[in-house]
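Shown next, in structure tokens, is the structure this report addresses.
Just so it is clear, none of the values below were taken in a lab; they were calculated from the coordinates. Bear in mind the structure is a predicted one, so any value in this text is a computation, not a measurement. Note that we place each Cβ from the backbone using ideal geometry, even for glycine, and neighbour counts take in every protein chain shown.
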Amino acid sequence: MKRAFLIFFVFIAASAFASGIGFHGSVRNSVYSYESDETHTRMYQYARFSAVSPCTKFTFQTSLRALTDAQESLTSEERFKLYSLRLNGKGLFNKKFDFSVGRLFLHPGTVLGALDGLNAKYTFSKHYSLQVYGGVESHFKRSLKVYETKDSQTVGGLFQISRYFASKLQFLYLRKANENEIFWHLTGLNFDTALLPKTILRAQAHYDLEQSRVHRLLLSARNTWSSTFMTTLEYKQQFPQVYANSYFTIFTPEAYQRVRLGVAYEFIKNYNIQAQYQVVAFEDDNANQFYLTVGNNWGNLGMVYENGYAGDQLGLMFDVFYEVIPNLVASLYVDYSKYRVEEVYEFDNQLANAARLSYRLGRHWTFDVEYQWLTNRYKDSDSRFLNHISFVW
């Protein structure tokens, strides 16, 4: 199997260079050592490839991963993951038609995810375009397996009106199902506008056709008051987007409402502060969260405070990095949390740390070494080691 993959990629590379096709990509070898009931050493090989036709209208892209565990044997489904494998065409038929076919990741105006199928877009004019897609959902484990249409069917579309008064309007439709049940059946619209000075307004309203209820409602305003000060105000109401055959169907889905206020301010050149407060309202109770960070070009210091229905937590974060010599960057991350999930419980403490060295050799090579260690209610000490060697061309 490994030899077949190697021969395949060598053949593709040779053919690409011989025919004038642009061939780009990256490979990474990672070693991950950790301790659970016993010590494990896992080796990951990641690869990303992209081939561009001489006319630049067609590209072939893939992203995959192989895994080996030194302590135990793994099934083929566990060993190999295929994140994407697609053929793209862009600017066809007088620059009006684009398409992608294969394993894709899509976000067509609403949450969709990975799809094994076809995505196509036709641009009627600079103001109007239509996107349609269909296929089967990608396997949950991103394995080489492809679902049958009886087990997973996905169809949808997006009609867009744009470039009118600095605004964009989208009408969407999405249906996910198998031969027995409908998972998601949504329709709705998205609206974005920058018509007001220094302000971006967004509105989303999605309706669940299967449950006959509003699925998602979002209203947000982002204001850039000056080059150093920005605010965001957002209201969101949504039902959880859960599969009909999911484990989470044992719970009764309830809509939650969230109000979020965010502030970003550069108080000194290259020194900034970001703060966010949000309250999440459930049917019977509320949860509150306050988040604050202060940072510059070399790191951040932050805190998070939560209380209410989602539990109580006080967390402190510290993240700093420094260029020791040219192209050699050292970094340190510390995360302390004091939390409890309900008032009847005592507070637990958790401390997570990570130290990292990263070195870039020329344009193509990167070497990373990271050591992680933590303590929590379950373990007095838990350590992990990671090593990455990456090559990009």
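Tabulated results
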| quantity | calculated |
| --- | --- |
| Total charge dipole magnitude, the chain, about the Cα centre, Cβ charges on Lys, Arg, Asp, Glu only, Debye to nearest 20 | 2460 debye |
| Ranked list, fewest to most other Cβ atoms within 10 Å of each Cβ, for S226, S337, S383 | S226, S383, S337 |
| Per-q log10 I(q)/I(0), segment 90-202, q = 0.10 Å⁻¹ (Debye; single scatterer per alpha-carbon; no solvent) | -0.36 |
| Expected 222 nm ellipticity per residue - DSSP helices of 4 or more, -39500 (n - 2.57), all of the chain, to 500 | -2000 deg cm²/dmol |
| Segment 311-393 - percent relative contact order, Cα under 8 Å, separation 6 or more | 22 percent |
| Kirkwood hydrodynamic radius of the chain, Cα pairs, Å | 25.2 Å |
| Value of relative contact order over segment 228-328, rounded to a whole percent, pairs C-alpha under 8 Å and six or more apart | 18 percent |
| Only Lys, Arg (+1) and Asp, Glu (-1) charged, at Cβ; segment 243-335 dipole about Cα centre in debye | 340 debye |
| Residue among E342, E181, E72 with the largest mean-square fluctuation in a Gaussian network model of the chain, springs linking Cα atoms under 10 Å | E72 |
| Percentage of interatomic Cα-Cα distances in segment 200-242 larger than 16 Å | 49 percent |
| Length-normalised contact order for the chain - Cα pairs under 8 Å, 6+ apart - percent | 8 percent |
| Loop-located chymotrypsin sites (Phe, Trp or Tyr not before Pro) in segment 99-205, at most 14 other Cβ atoms within 10 Å (DSSP) | F124, F140, F165 |
| Rh (Kirkwood; distinct C-alpha pairs) - segment 131-280, Å | 18.3 Å |
| Gained length - V101 relative to F124, 0.36 nm times residue gap less alpha-carbon distance | 6.2 nm |
| Local net charge near G89, Cβ-Cβ under 10 Å (Lys/Arg +1, Asp/Glu -1) | +1 |
| Listed residue pairs exceeding 26 Å between alpha carbons, taken from K81/K150; K57/K145; K126/K176; K95/K150 | K57/K145; K126/K176; K95/K150 |
| Tail weight of P(r) past 15 Å, computed on alpha-carbon pairs of segment 311-393, percent | 66 percent |
| HN-Hα J in Hz across segment 151-158 - Karplus 6.51, -1.76, 1.60, θ = phi - 60°, x for Gly and Pro | 8, 7, 9, 9, 9, x, x, 8 |
| Charge tally in the Cβ shell below 12 Å around L189, where Lys, Arg are +1 and Asp, Glu are -1, L189 excluded | +2 |
